[in-house]
Amino acid sequence: MSTFIDPVPQDVADPTTDYPANAFAFRYVLPALLKEPGRRLLEIGVGQGAALSVFTDSGFEVSGFDIDHACVAQTQNQALALGLDAERFTHGDLREPPSYRSICTQGRFNGIVAMGVLPHIADKESSIRNLFDVTEPGGQVFIEFRNLLFAMSTFNRFTHSLFMDQLLHEVSGPVRDAVNHELASRLRMDVPGSVARSADAGDDILETFDNPLTVPTLFADAGFNDVRVHYFHYHAGMPYLQSEDPDAFRRADVALEDDSSGWRGMFLASAFVIHARRPATSSSDAR
Ligand SMILES: C[S@@+](CC[C@H](N)C(=O)[O-])C[C@H]1O[C@@H](n2cnc3c(N)ncnc32)[C@H](O)[C@@H]1O
């Protein structure tokens with residue numbers, strides 16, 4: 001069976017449920033994959049195996065790996081519960097190709113999905129080249145990043161950091177001091193209160209935020225073409241306002257996921273997926 005089954009849960013409007021951000025991304029990913037005949041799919045960073053059924057229910061043959069051994073075990077259990085071959089899910093680190101070689105013995109993949117993985121990796125260029133190497137010529141990748149430009153609409157300390165560390169990083173002296181003072185007095189510098197460290201990645205980097213205007217170049221440089229940015233996980237208002245009316249905010253957030261402007265997500269969505277294709281034939285085929 002190869003058919004689109006909407007991954008967004010029926011109770012999406014209920015603010016007491018977790019926001020199904022990945023489901024909105026998969027609502028974009030699934031139709032793009034289903035348009036092509038290949039069904040070999042690789043999920044990198046499988047986590048607890050939450051996405052397995054989304055892809056197997058639509059007819060994909062899913063394999064996966066994760067750097068975290070406990071995650072691999074949980075995904076293998078999930079695979080068994082779904083009647084799948086648990087050996088398709090192994091330990092592996094995207095930064096180290098030999099670590100996931102066993103998963104590639106039957107060839108490259110028609111589709112690759114990595115949600116929440118690249119934000120934990122410091123050297124993105126080499127990991128994107130590793131993605132290219134396991135993509136079948138003509139195959140597609142869908143790689144999630146945290147959106148740096150979302151800070152334009154959060155009005156919190158991330159907004160302060162975006163201005164001071166990214167936009168004005170070369171401005172010094174009294175101008176810098178004046179802007180710093182002005183922003184710090186206008187923004188909610190107390191939120192978010194704490195930022196989780198990426199302990200699950202086995203390293204010590206914070207989750208990185210990446211710029212949707214510059215990340216596509218990294219994919220093009222690695223040899224991918226047809227590189228597109230798809231925004232998801234929208235926020236209709238500053239996250240610190242959400243508790244004022246959770247029902248209204250949830251409805252407004254969900255409605256924005258259908259935005260077709262092509263640009264609002266650049267500022268209102270906290271995540272984006274890079275959708276790119278390995279050319280059907282390329283000079284790197286000789287690699
Ligand atoms: C934020 S979790 C997301 C899990 C799942 N993809 C999801 O969206 O629910 C990130 C996952 O990526 C894994 N991960 C982080 N760095 C990795 C790497 N270098 N190679 C493979 N997996 C990695 C983590 O162990 C974790 O399971």
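The values are calculated or read from the model by the stated rules, or taken from the named source; none is laboratory data. Since this is a predicted model, take the numbers as computed values, not measurements. Cβ sites come from the backbone with ideal geometry, for glycine too, and all protein chains shown count toward neighbours.
How many residues, within segment 162-189, are among the basic types (Lys, Arg) and more than 14 Å from MET152 (Cα to Cα)?
Narrowing segment 162-189 to residues among the basic types (Lys, Arg): 176, 186, 188.
Narrowing further to those that are more than 14 Å from MET152 (Cα to Cα): 176.
Result for segment 162-189: 1.
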- Query: Since VAL191 meets every condition but one in (1) among the hydrophobic types (A, V, I, L, M, F, W, C); (2) modelled with pLDDT under 95; (3) within 16 Å of the ligand (Cβ to nearest atom), which condition does it not meet?
  - Reply: (3)
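Is at least one residue of segment 120-129 in contact with a strand residue (DSSP E or B) (Cβ under 6 Å, 6 or more places away or on another chain) and buried (at least 23 other Cβ atoms within 10 Å of the Cβ)? If you could, list the steps in order and put the result at the bottom.
Quick first cut of segment 120-129, residues in contact with a strand residue (DSSP E or B) (Cβ under 6 Å, 6 or more places away or on another chain) only: none.
Within segment 120-129, not a single residue is in contact with a strand residue (DSSP E or B) (Cβ under 6 Å, 6 or more places away or on another chain) and buried (at least 23 other Cβ atoms within 10 Å of the Cβ).
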- Message: Quick check on my filter: what residues within segment 1-59 are buried (at least 20 other Cβ atoms within 10 Å of the Cβ), hydrophobic (A, V, I, L, M, F, W, C) and in contact with a strand residue (DSSP E or B) (Cβ under 7 Å, 6 or more places away or on another chain)?
- Response: PHE24, ALA25, VAL29, LEU33, LEU41, LEU42, ILE44, VAL46, ALA51, LEU52, PHE55
- Message: Need pairs with beta-carbon distance below 8 Å; first residue modelled with pLDDT of 95 or more and within segment 76-98, second in a loop (DSSP other than H, G, I, E, B) and away from the ligand (no atom under 12 Å from the Cβ); sequence gap 6+ or separate chains.
- Response: ALA79/ASP85
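For segment 241-263, state whether one or more residues are more than 21 Å from THR16 (Cβ to Cβ), in contact (Cβ under 8 Å) with a residue 24 or more places away in the chain and either surrounded by fewer than 14 Cβ atoms within 10 Å (Cβ to Cβ) or assigned by TED's automatic domain parsing to the domain that holds ALA23 (or both).
First pass over segment 241-263, keeping only residues more than 21 Å from THR16 (Cβ to Cβ): 258-263.
Applying the additional criterion that residues be in contact (Cβ under 8 Å) with a residue 24 or more places away in the chain yields 259.
Still in the running and either surrounded by fewer than 14 Cβ atoms within 10 Å (Cβ to Cβ) or assigned by TED's automatic domain parsing to the domain that holds ALA23 (or both): 259.
Checked against the condition, which is being more than 21 Å from THR16 (Cβ to Cβ), in contact (Cβ under 8 Å) with a residue 24 or more places away in the chain and either surrounded by fewer than 14 Cβ atoms within 10 Å (Cβ to Cβ) or assigned by TED's automatic domain parsing to the domain that holds ALA23 (or both), segment 241-263 yields at least one hit.
Given the structure, is GLN140 within 13 Å of the ligand (Cβ to nearest atom) and either crowded, with 16+ Cβ neighbours inside 10 Å or under 21 Å from VAL229 (Cβ atoms) (or both)?
Working: within 13 Å of the ligand (Cβ to nearest atom): no; either crowded, with 16+ Cβ neighbours inside 10 Å or under 21 Å from VAL229 (Cβ atoms) (or both): yes.
For GLN140, the condition - within 13 Å of the ligand (Cβ to nearest atom) and either crowded, with 16+ Cβ neighbours inside 10 Å or under 21 Å from VAL229 (Cβ atoms) (or both) - is not met.
Within 14 Å of PHE65 (Cα to Cα), assigned to a strand (DSSP E or B) and out of contact with any Cys (no Cβ under 9 Å at 6 or more places or on another chain): does that describe VAL141?
Working: within 14 Å of PHE65 (Cα to Cα): no; assigned to a strand (DSSP E or B): yes; out of contact with any Cys (no Cβ under 9 Å at 6 or more places or on another chain): yes.
The answer is no for VAL141.
Farther than 20 Å from ARG27 by Cα, assigned to a loop (DSSP other than H, G, I, E, B) and either out of contact with any strand residue (DSSP E or B) (no Cβ under 7 Å at 6 or more places or on another chain) or among the polar types (S, T, N, Q) (or both): is that true of GLY237 in this structure? If you could, list the steps in order and put the result at the bottom.
Numbers: farther than 20 Å from ARG27 by Cα: yes; assigned to a loop (DSSP other than H, G, I, E, B): yes; either out of contact with any strand residue (DSSP E or B) (no Cβ under 7 Å at 6 or more places or on another chain) or among the polar types (S, T, N, Q) (or both): yes.
It is true that GLY237 is farther than 20 Å from ARG27 by Cα, assigned to a loop (DSSP other than H, G, I, E, B) and either out of contact with any strand residue (DSSP E or B) (no Cβ under 7 Å at 6 or more places or on another chain) or among the polar types (S, T, N, Q) (or both).
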